[in-house]
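Every read-out reported here was derived from the displayed coordinates using simple, explicitly stated rules and does not represent laboratory data. Bear in mind the structure is a predicted one, so any value in this text is a computation, not a measurement. Here the Cβ positions follow ideal geometry from the backbone for every residue, glycine too, while neighbour counts run over all protein chains shown.
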Ligand code: HEC
Ligand code: HEC
């Protein structure tokens, strides 16, 4: 860009164009949520079947089934879209969501985002070690601070669709971190040739990070995040 232009307007216009170039392209359309507005009220009427596993108020009582209360809508929409496309493969989830329309997904996401997570306790023998990594990472091992993306209180980053991780069952959290590390959180069940090589928009990021954690780190972090609120 020439530095001779002193008027702000042309520069703003240029900035807008470069921003537009960074926006998702058609290639991302498959997993990017459609620009639909979700209604929490409508979502409430579409989640009766979900309550059996995710709890009537979005707080699940089975540690293997994630709580959804207070999870951000963008993340829920992206994940549901991937379950429906058989790219996040789970035999319990798929039959529950396979018939949902994009509007259902948007409504359900708005509904769960509007609910309040109930606090869970952290295991005192593990959470302190987990807190250290969560807050500061470990530069020597190339592990970034989790709070940079998931926020100091674990509420995530709704604008970017980075998930909330607070008050989540440690059993579920540990299983997901292990799945990211193993490269099994996402698969492409619709393409047998390519089963293990599918990644979500942000999955590579978490797989890289989780791959640097030991089993003890995962246990400690999961315990700490369960106690976050
Ligand atoms: C039979 C139990 C069951 C039912 C019913 C069920 N789910 Fe799930 N759900 C699960 C399990 C188990 C997982 C974790 C899957 C995994 O490990 O990848 C999950 C994961 C999810 C996730 C991802 C959460 C995250 O933090 O990444 C969302 C969103 C979700 N379910 C929404 C729904 C919705 C909406 C419904 C109803 C239409 C529903 N579920 C019905 C068991 C269930
Ligand atoms: C650079 C940003 C970033 C950092 C740093 C980061 N995460 Fe994540 N994390 C994400 C994103 C984005 C996702 C969703 C990825 C996807 O599409 O599956 C995610 C997903 C997760 C999930 C799955 C949540 C669910 O509901 O299934 C867990 C658990 C998690 N991260 C824990 C951690 C821990 C522990 C650390 C620190 C060691 C960490 N993250 C560091 C961005 C980050």
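Things worth noting here:
- Cα-derived Rg to Rh of the chain, Kirkwood definition: 1.02
- Gained length - residue 148 relative to residue 41, 0.36 nm times residue gap less alpha-carbon distance: 35.3 nm
- Two-site FRET efficiency, residue 214 against residue 64, from Cβ-Cβ distance with R₀ of 25 Å, rounded to 0.05: 0.70
- Prolate/oblate/rounded call for the range 30-113, Cα gyration tensor, a/c under 1.5 rounded: oblate
- Förster radius 35 Å - calculated FRET efficiency between residue 160 and residue 86, Cβ distance, rounded to 0.05: 0.90
- Taking label positions 7 Å along the Cα-Cβ direction at both residue 101 and residue 139, the computed distance is 5.4 nm, reported to one decimal.
- Mean residue ellipticity, 222 nm, helices only, the chain: the sum of -39500 (n - 2.57) across DSSP H runs of n ≥ 4, divided by residue count and rounded to 500, is -13000 deg cm²/dmol.
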